[in-house]
Structures are given as C-alpha cells and as structure tokens.
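To start, the structure under review is shown below, and the notes come after it.
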Amino acid sequence: MTIAVARDGGRSSTARYSPQVIVLIALLCVGVIPPFVFLAYSSLHELDPSGAFGVFTFGHFAAIFSSRTFNSVIVNSAVYSLGSALLALVIGAAQAWLAERTDAALRQVLYVSSIVSLGIPYVLYIVAWILFFGKAGPVNATLQQMFGGTEPYINVYSLGGMIFVEGMLWSPLAFLLLSPVFRNSDASFEEAASICGAGLFSTLRYVTLGMARPALLALGLLVFIKASESFEVPALVGLPGSTRVLTSTIYQRLTLDMPPDVGSASAFGVLLLVVMAVLLQIYSRVAAQAHRYQTVTGKGFRPRVIRLGRWRYAAGALIVAIPFIVVIVPLATILWAALLPYYQPFSLKAVPLLGFGNFVQVLNSPSFRGSIVNSLVLGASTATLVTALSAVAGWCVARRVAGSRLLDGLAALPLVFPAIVLGLAFLEIFVHAGSRLYGSLLSLVVVSIVAYIPYGLRYAQLGVIQIHPELEEAAAIAGARQPRTFIRVVLPLLIPALISCWLFVFLLAVRAVSLMLLLAGPDSQVVAVTLFDFWNNGQVGELAALGCVWTAIMTVFCVAFLVVARRYQLPIG
Amino acid sequence: MLHVENLTKLYAPGESGGGIRGLSFDVTAGEFYTLLGPSGCGKTTTLRSVAGLEEPSAGRMTIADQVIFDAAKGIFVPANHRRLGMVFQSYAVWPHMSVFDNAAFPLRMLPGKQWGDADIRRLAMRTLETVGLAEFAPRSAAQLSGGQQQRLALARALVAEPSLLLLDEPLSNLDALLREQMRSELRRLQKEVGVTAVYVTHDQSEALALSDRIAIMRNGRIVQIGTPYQIYHQPRNAFVATFVGRSNLFRGKLLERNNGHARIATALGPVLCQAPNDVGGPPPAAALIRPEHVVLTAAGAGDSASNRFRGRVFQMSFLGEATEYVVQVGKVEILVRSMAGQYAGSEDVEVYFPPDKTLAVAADEI
C-alpha cells in the first residue's frame with residue numbers, strides 16, 4: 001500500500017489513485033454532495049402536505065423575484081454587509097496601526113482584549129449590545145435625562161444597529177489579521193516620504209495605507225463575506241425591527257411562516273449559494289495579492305515606530321477605550337443581567353437585588369448542564385474527526401498525490417454554504433432520508449464535520465507544507481514504506497498544526513447557532529441554541545448566567561488556541 | 001552649505017557601534033563630500049542625523065545658515081521641513097505608485113500648493129528625463145530593475161531642487177558592472193545639477209573616485225578630512241593608510257626627525273621617510289609605502305642606509321595591467337606592484353623604497 005510521493009509539478013495524471021485517496025473522496029462526496037442536491041431539488045419542486053416531493057416548478061423562484069420585499073431584502077443585505085465591513089476595517093486598522101507603528105501607551109491591552117473577545121459566544125455578545133442600546137438601556141436613559149422626552153433616541157433594532165453590532169463583532173479579528181501587515185513594512189518607505197516633505201498624515205495616507213491597501217481590501221472583502229452569511233445579528237437585531245436580509249428571510253420562511261415554506265426557503269438558499277460562490281471567487285484572487293507589498297528582508301529591518309510625544313497618553317487612552325467599548329461594556333451588561341433576578345435598567349435602586357440566583361439555577365438545572373455537556377461533546381467529536389480526516393487529506397493535498405486536486409475541491413465546497421443554508425439542506429436530508437437521525441446529537445456532529453472540514457484541511461495542509469518532503473524521502477531511502485513513514489515521521493511533526501486545527505474547529509463548532517438551530521432537538525440541546533431560545537422567550541437572566549459560565553469555559557480554549565498558533569506561527573483567521 | 005558642530009549621539013552602553021561623539025565638519029556649496037569608514041563607525045548615524053531621521057543628544061547643525069538642530073536651545077527641525085533629498089540604500093521606491101507619482105511626490109508635498117498640476121508634470125518629467133526614465137513614467141514602480149529603481153530614487157531626491165542631497169550607500173546593492181556605470185552617472189549628474197552632496201560608503205575606491213573631499217571615520221569620530229589625493233598620499237595615521245588603498249606598513253620607533261624627513265627603525269632596518277612637520281599630532285611611529293611605489297630590481301648588494309633591502313620572491317600574481325609580488329625580506333612580507341619585468345618565485349631580488357614616496361605616519365590612536 002504505497003502512496004506515490006510526487007514533488008512540485010511532478011503530478012502524473014496516469015498514476016492510480018491510492019486507496020486512502022479513494023476512501024477520502026468517497027467520504028467527502030457522501031458528506032458534501034447531498035446538501036447541494038437536496039437544496040436544489042427542494043427549490044425546484046412542490047412539497048406535498050405529507051412532506052414528500054411533488055411536481056417540478058419554477059414557482060418558488062418566481063415568487064421570490066416578484067415579491068414586493070425582494071428589492072429591499074437585497075438592498076438591506078448589501079448595505080448591511082458593506083457597512084459592517086467598513087466599520088470592522090476602520091476599527092481594526094486603527095487598532096493595528098496604533099499597536100504596531102506607534103509608541104502609544106498600553107499597546108498590549110489590544111492583544112489581550114482581542115483574545116478575550118474571541119471566546120464570547122455571538123449570541124451573548126449581541127444580546128449585550130441590545131440591552132445596552134435598547135429602549136430600557138443605559139444609553140437611552142442617559143439621553144432622555146439630558147435632552148428630555150420619553151421616546152428612545154436610539155433604536156437598536158434597525159439597519160444601523162445591525163451594522164454597528166456586526167462591525168464590532170469582527171473588529172477583533174480585523175485587528176489580529178492587520179497587525180502583521182503593519183508590522184512587516186520596512187521603515188525606509190516612510191522615512192523616504194518624510195524626507196520628501198510629507199507630514200504624519202500625508203505619510204499615513206499616501207504611503208502606509210497605500211502599501212497596506214491590498215491587505216485592507218482582502219480583509220474588507222472577508223468581513224463582507226462573513227457578514228453576508230451571518231445569521232445571529234440579522235435574526236436578533238434585524239427581525240424585531242422588520243429589517244430583513246437574505247439569511248434572516250430563510251429563517252423566517254421556515255419558522256415564522258405557518259406552514260413552513262420550505263420551497264421558498266430553499267430557493268433563497270440557492271440564491272445565497274450563488275452569491276457566495278461569486279464572492280469567494282473574487283476573494284481568492286484578492287487574497288492572493290494581499291501581501292504584495294510586505295517585505296521581510298534579512299537585513300535586520302524594523303518598521304518605523306512613530307514617536308507620538310505628548311500624544312502618547314491620549315493614544316493610550318484611545319487604546320484602552322476601544323476594548324473597553326468592544327469588550328468590557330458588553331461583558332458588564334451581561335454580568336449585570338446575570339446577577340439580577342429579572343432584567344432592569346442600571347440604577348442604584350436595583351443594587352440590593354443583585355445575587356447569584358441565576359447562576360445557581362444554571363449550575364443546578366440538569367437541562368442546562370446537559371446543554372453544556374452536549375456542546376462540549378459536539379465540539380470535541382467534531383474537532384477530533386475533522387482533525388483526523390484533515391491530517392490524512394491535508395497530507396495528500398500538500399504532497400500533490402494523484403487525486404489531490406479533486407480532494408481539495410470537494411473539501412472546499414462547504415465554504416459556499418452559509419451556515420443557515422447548510423442547516424436547511426441537512427434538515428431536508430434528514431427528513432427525507434434519515435429520519436431516525438433527525439434531532440440527535442449525532443446529526444449535529446455530522447453537519448458540523450461537513451461544515452468545518454475546509455478549515456481543518458487548511459490547517460493540516462499548512463502544517464504539512466512546513467515539513468520538508470526530504471524528511472519523508474530520507475525515511476523511504478532507509479527502507480520505510482507508507483503508512484509507517486506517515487505515522488513515524490510526519491505525524492509527530494504535524495502535532496502543533498493538528499492541535500491548532502483541533503482547537504480552532506472546536507471553537508467554531510461550539511459557537512455555531514444557525515447551523516444547529518433547525519436541527520437541534522430536545523435531546524440535543526447545545527448552549528448556542530439554548531441561548532438563542534432564552535432570548536426569544538425573554539429569559540434574560542438565565543441567558544446571561546449561562547452565557548457567563550460558558551464564556552469562562554471558552555476563554556480557556558481560546559487562550560490555548562492562540563498560544564499554540566502563535567508559538568508555531570500558524571494562522572489565526 | 002552644511003555646518004555640523006560637535007554632534008553626539010550615543011546608543012546604550014554595550015550596544016555595538018553606530019554612536020558618534022563630538023563630530024564636526026563643514027561641506028561647501030556644490031561639493032561632493034563623502035563619509036568613509038568601516039561598519040559601525042557612525043557614518044550612517046551622522047547622515048540620518050543630518051536628514052532629521054535621528055535626533056542627536058548634543059551639537060548644532062545649520063544648512064545654508066539656517067539652524068536645523070541645536071541641542072542647547074532645544075531646536076529640532078523635523079525631517080519633512082528640512083527640504084533635503086535622500087537616496088536610501090534600499091532605494092525605498094514606493095511599489096504601489098507609478099514611476100511618475102514617485103518622482104512627483106516631493107513636489108506635491110510642498111506646502112501651500114506651490115506648483116500647479118501642469119508645472120508638477122513638467123518638472124517631474126524633466127527630472128525623469130535627466131535620469132533616463134522618462135519612458136517608464138506611467139509604469140508601476142514595482143516593475144523596475146534594481147538600477148532603474150536607483151535612478152528613480154535619485155530623480156525623486158532631486159526633483160524639488162533641494163539644498164542638500166544625502167546618499168546612503170546607494171551603489172552597494174548593484175552588481176559590479178552596474179556599479180561602475182552608476183558611479184560615473186552619479187558624478188556627472190551631481191556636477192550638472194550643482195547640488196551639494198553628502199555621500200556615505202564603506203567602499204574606499206568609490207570614495208576616491210567620486211569625492212571632492214573625504215572624511216574618514218572610525219568609532220564615531222572623524223580621523224582625517226582631505227581631498228582624495230591627500231587621503232591617499234598623506235594619510236595621517238596607520239588606520240587611514242591601511243583603510244584607503246593598499247599599503248606596506250612597517251611599525252617601529254622614531255630614530256630622528258628634522259626638516260621634513262624622518263628615520264624609523266623597523267624590522268627591516270632603518271627606513272628613511274618623508275615626515276610632514278605636523279607639530280600638533282602624535283609622533284610618527286611607522287613607515288608606509290604603497291605597493292606601486294616600491295621599486296623591484298634584480299639582486300644587488302642591499303644597502304640599508306638608502307632604503308634598499310635584499311629579499312626573495314615568495315608569490316607572484318599576474319594581473320594583466322601589472323604584476324603583484326610578495327617579496328620576503330627576512331621575516332617581513334612586502335607587497336609590490338610592478339609593471340616591469342617578470343621575476344620568478346624564489347628568485348633573489350632587491351626592493352628599494354624611494355624616500356620621497358615613503359611616508360612616516362603616526363601609529364593608530366586607540
């Protein structure tokens with residue numbers, strides 16, 4: 001059982017696929033192809049009352065395009081994605097510039113806060129902002145006190161509110177991805193601008209940002225894509241204010257319409273798939289150019305650190321203010337909500353009511369504890385299986401064995417599915433073809449594996465690329481054959497990448513809301529979905545308490561992930 | 001044009017090199033002035049201090065009688081207000097802009113919109129023509145070769161007609177042939193434009209070929225200032241003598257000195273040399289003769305009183321335009337560069353040091 005080790009460019013199309021590759025391709029096909037098929041089928045067929053597929057029809061698509069609200073949904077989606085991308089980019093870039101290119105005080109705070117914020121579940125984060133800016137929240141209360149009146153000044157349930165929260169959500173990632181861009185730039189480019197007469201702002205505008213433009217564009221596009229496929233903000237912030245985008249429309253068709261309009265939801269799903277496919281194509285081209293202007297010369301260069309002089313402490317104050325706003329305020333709001341028996345706006349009168357009642361309830365309740373256990377099991381099994389598959393598949397792709405292109409392509413396909421659409425597709429699969437699986441924790445694991453295989457593969461692939469092929473060739477010459485070489489030589493060296501991979505997939509799987517929302521049943525409640533349900537039922541206190549406990553657990557995993565990724569120089573995004 | 005007085009910038013104790021102490025020199029208008037020295041001597045620190053990219057801890061600097069730095073009075077004019085041109089070692093050509101935009105940048109940065117668009121275009125194109133890059137103007141600067149980038153960096157430095165042009169080892173990244181070409185280009189351009197230039201290099205042949213005056217630096221201080229001829233033929237001490245050009249240096253003790261001559265006792269024997277009547281400096285303690293001045297003849301009777309020594313050819317290298325020999329006199333090896341004759345290895349020969357070509361120099365200062 002040998003796998004031909006082919007070097008760069010030495011791919012022979014006549015070589016036979018090895019058994020490992022055939023098995024992997026078969027597994028991927030089973031996991032990745034059916035969602036496309038079922039989604040497309042449901043969008044083009046009527047659904048009988050019994051749930052079986054009926055006649056072929058374009059009616060679903062026709063209904064969508066002719067609907068009154070279609071234009072506003074498309075416009076909302078575009079504005080929402082664009083606005084969030086711009087906001088995340090501006091905040092992230094400002095933080096990255098301050099941290100890497102100035103001597104502003106307290107720069108380390110930015111890194112710490114970004115790490116912490118990655119551990120906060122999205123639902124919790126969004127709820128915190130809704131409470132903060134809500135009708136009964138402290139912001140409106142303060143504004144009402146200052147300017148009078150009883151109507152709230154800020155309506156968080158609006159497109160503006162959606163853009164704000166989603167932008168805030170992605171700004172830590174933007175910061176972490178832009179820091180290397182500002183770090184890896186030779187000082188002489190900006191010194192040259194200075195000599196040519198450019199002041200601080202001209203240098204920033206024409207040189208620093210000019211050279212960072214490819215990376216900024218790639219990042220902006222990435223956030224645009226993430227926002228386009230996001231669900232939590234449109235559902236929690238948009239729907240109450242009747243602002244609909246593509247993802248929340250799908251959810252609405254399935255849960256709020258009676259009976260559920262599966263055909264229409266599927267048609268929207270297909271539409272969204274096409275949009276995502278186009279965006280991802282554009283992104284892969286833009287991302288290839290992203291680091292065009294970065295230099296890492298061997299001459300002991302340093303990037304130019306701007307001495308801010310008197311402005312150091314003002315900048316330091318700004319640095320502290322950003323994470324304060326992005327992280328501390330939401331956490332404090334949640335903590336406040338967690339400690340009160342029922343939610344009230346912040347006031348001194350409520351202080352005597354503070355207590356740990358909600359926490360006691362959460363930790364004692366078997367169903368909440370069950371959620372936590374389910375989430376951990378879901379995360380761990382998904383991560384383990386994805387990592388195992390990715391290790392082998394990643395090696396095959398990195399070493400360019402016969403069939404690796406097909407493997408790579410198949411593994412990348414799930415990226416095209418927004419989570420809610422993938423959830424919908426699997427819902428249809430389970431209803432029509434695997435009804436015993438429906439509602440079980442196993443079904444959630446299966447869906448997660450399909451959804452996160454692309455990420456796992458990327459980590460494993462990068463890890464294998466860092467291992468020079470000569471190490472394996474040396475083993476081959478010494479007489480070892482596969483899989484012995486893989487187990488004895490590759491795997492030990494791959495461990496840091498696999499640990500990163502495991503932790504990253506784990507964090508993705510436990511945070512997923514929309515993926516699980518349509519599939520989780522009473523036996524398979526996970527924390528993310530439980531939090532979502534709490535909000536819809538108005539159980540703010542329980543939500544906050546469970547959220548706090550969960551955040552604490554997740555932060556441990558996040559820190560572990562970041563430590564490993566930094567140490568072995570693996571990507572974080 | 002440039003007046004530097006008592007410039008000092010020290011890095012943390014223990015940090016290797018680069019600091020300067022009490023540096024003073026003047027550059028006259030239109031001059032090509034070179035700071036020459038080994039790595040870590042502080043020449044780049046000096047250049048960057050003049051540019052405003054580093055702030056010294058003590059000293060004073062003026063350009064065209066305008067104070068740009070005065071530590072005692074707390075004056076520090078930032079780099080972008082000094083109206084200088086600078087060519088960096090890595091060129092620092094901006095890859096995301098076109099060749100034209102690179103060249104036009106300083107004009108666009110002039111305060112108060114001094115030039116309109118048409119004028120900017122005219123001036124930038126004219127400067128690009130001068131360096132031979134006019135046809136590349138619309139192209140992206142990232143597409144230029146190393147030599148072209150260097151010319152673009154030069155154009156950018158000159159376009160706003162600065163009072164001073166600073167060059168930080170601009171030729172060191174080029175291959176040998178290109179370096180020769182660019183060297184003469186640079187010289188021609190500087191004379192044509194008439195701009196005062198301060199040039200930093202560790203390559204002594206470059207310094208000799210390009211400069212009107214050279215300041216040799218070592219360990220943060222200036223050791224000697226002079227024209228290339230003076231530096232080469234009248235080195236102040238052994239360090240300068242061995243750093244610039246090749247030399248035969250014989251350390252020893254001063255036996256006597258009078259009337260511009262000196263006699264130094266060396267391992268070869270007493271050597272008669274020229275000794276400039278330099279009353280202020282340390283006494284000469286070494287004899288120096290350049291390889292091309294040593295006269296090599298067939299063996300005769302070595303008469304040490306008149307700088308003749310008997311030796312044996314140890315090594316011979318035929319260079320085409322000359323032949324180099326290593327001649328052993330006793331335990332001492334002498335490098336000889338000769339155009340006449342061919343002496344084979346182990347042949348007995350006689351070397352003669354003409355006293356007017358032999359120089360008495362001070363030993364190194366610590």
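The values are calculated or read from the model by the stated rules, or taken from the named source; none is laboratory data. Just so you know, these numbers come straight off a predicted model, no measurement behind them. Counting neighbours? That spans all protein chains shown, and the Cβs are built from the backbone with ideal geometry, glycine included.
Computed quantities for the displayed model
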| item | result |
| --- | --- |
| Qualifying positions in the stretch B:129-145 - in contact (Cβ under 8 Å) with a residue 12 or more places away in the chain and either out of contact with any Lys or Arg (no Cβ under 9 Å at 6 or more places or on another chain) or farther than 16 Å from B:Ala157 by Cα (or both) | B:Thr130, B:Phe136, B:Ala137, B:Pro138, B:Arg139, B:Ser140, B:Ala141, B:Ala142, B:Leu144 |
| Unique match (being at pLDDT 85 or above, touching a helix residue (DSSP H, G or I) at 6+ places or on another chain (Cβ under 6 Å) and under 23 Å from B:Ala241 (Cβ atoms)) among B:Val332, B:Val327, B:Val336 | B:Val336 |
| Top-ranked residue in the stretch A:192-203 [being surrounded by fewer than 22 Cβ atoms within 10 Å (Cβ to Cβ) and without any contact (Cβ under 8 Å) to a residue 12 or more places away in the chain; ranked as farthest from the other protein chains (Cβ to nearest Cβ)] | A:Phe201 |
| One residue from A:Ser50, A:Ser72 being surrounded by fewer than 19 Cβ atoms within 10 Å (Cβ to Cβ) and at pLDDT 85 or above | A:Ser72 |
| Meets criteria (in the same structural domain as A:Pro522 (by TED's automatic domain parsing), touching a Leu at 6+ places or on another chain (Cβ under 7 Å) and not in a loop (DSSP other than H, G, I, E, B)) for A:Gly394 | yes |
| Residue within the stretch B:65-88 that is more than 9 Å from chain A (Cβ to nearest Cβ), among the basic types (Lys, Arg) and part of a loop (DSSP other than H, G, I, E, B) present | yes |
| Those strands (runs of 3 or more DSSP E) lying entirely in the stretch B:174-290 with at least 2 residues of a type in the set (A, V, I, L, M) and under 15 Å from the mean Cα position of the chain (by Cα) | B:196-201, B:213-218, B:221-226 |
| Some residue of the stretch A:388-405 being in contact with an Asp or Glu (Cβ under 6 Å, 6 or more places away or on another chain), on the phi < 0 side of the Ramachandran plot and among the aliphatic types (A, V, I, L, M) | yes |
| Subset of the stretch B:110-122 [within 14 Å of chain A (Cβ to nearest Cβ) and modelled with pLDDT of 90 or more] | B:Ile120 |
| Top-ranked residue of the stretch A:182-191 - restricted to ones that are within 13 Å of chain B (Cβ to nearest Cβ) and closer than 16 Å to A:Arg292 by Cβ, ranked as surrounded by the most Cβ atoms within 10 Å (Cβ to Cβ) | A:Phe189 |
| Filter result for the condition that a residue is at pLDDT 90 or above, under 30 Å from A:Phe164 (Cα atoms) and touching a Phe, Trp or Tyr at 6+ places or on another chain (Cβ under 6 Å), over A:Ser77, A:Ser81 | A:Ser81 |
| Among residues of the stretch B:41-64, those that are assigned to a loop (DSSP other than H, G, I, E, B), closer than 20 Å to B:Pro162 by Cβ and either touching a residue at least 40 places away in the same chain (Cβ under 8 Å) or not hydrophobic (A, V, I, L, M, F, W, C) (or both), counted | 3 |
| Helices (runs of 4 or more DSSP H) contained in the stretch A:495-573 and holding at least 2 residues under 20 Å from A:Leu335 (Cα atoms) | A:527-536, A:540-567 |
| Condition met for B:Glu180 (out of contact with any Cys (no Cβ under 6 Å at 6 or more places or on another chain), buried (at least 17 other Cβ atoms within 10 Å of the Cβ) and not hydrophobic (A, V, I, L, M, F, W, C)) | no |
| Matching residues, the stretch A:23-40, being farther than 24 Å from A:Gly394 by Cα and surrounded by fewer than 15 Cβ atoms within 10 Å (Cβ to Cβ) | A:Val37 |
| Residue within the stretch A:210-224 that is away from every other protein chain (no Cβ under 11 Å) and touching a Ser or Thr at 6+ places or on another chain (Cβ under 8 Å) present | yes |
| Condition met for A:Val351 (under 30 Å from A:Arg458 (Cα atoms) and out of contact with any Ser or Thr (no Cβ under 7 Å at 6 or more places or on another chain)) | no |
| A:Gly316 being in contact with a strand residue (DSSP E or B) (Cβ under 9 Å, 6 or more places away or on another chain), away from chain B (no Cβ under 14 Å), in a helix (DSSP H, G or I) and modelled with pLDDT of 75 or more | no |
| The listed residue being more than 19 Å from A:Ser194 (Cβ to Cβ), touching a residue at least 24 places away in the same chain (Cβ under 8 Å) and of a type in the set (Lys, Arg), out of B:Arg183, B:Arg126 | B:Arg183 |
| Residue ID - nearest to the chain's Cα centre (by Cα), chosen from residues in the stretch A:411-453 that are more than 27 Å from A:Val275 (Cα to Cα), of a type outside the set (Ser, Thr, Tyr) and not in a helix (DSSP H, G or I) | A:Gly439 |
| Residue pairs meeting the criteria (Cβ under 6 Å; at least 6 apart or on separate chains; first outside the structural domain of A:Val286 (by TED's automatic domain parsing), in the stretch A:218-232; second aliphatic (A, V, I, L, M) and surrounded by 24 or more Cβ atoms within 10 Å (Cβ to Cβ)) | none |
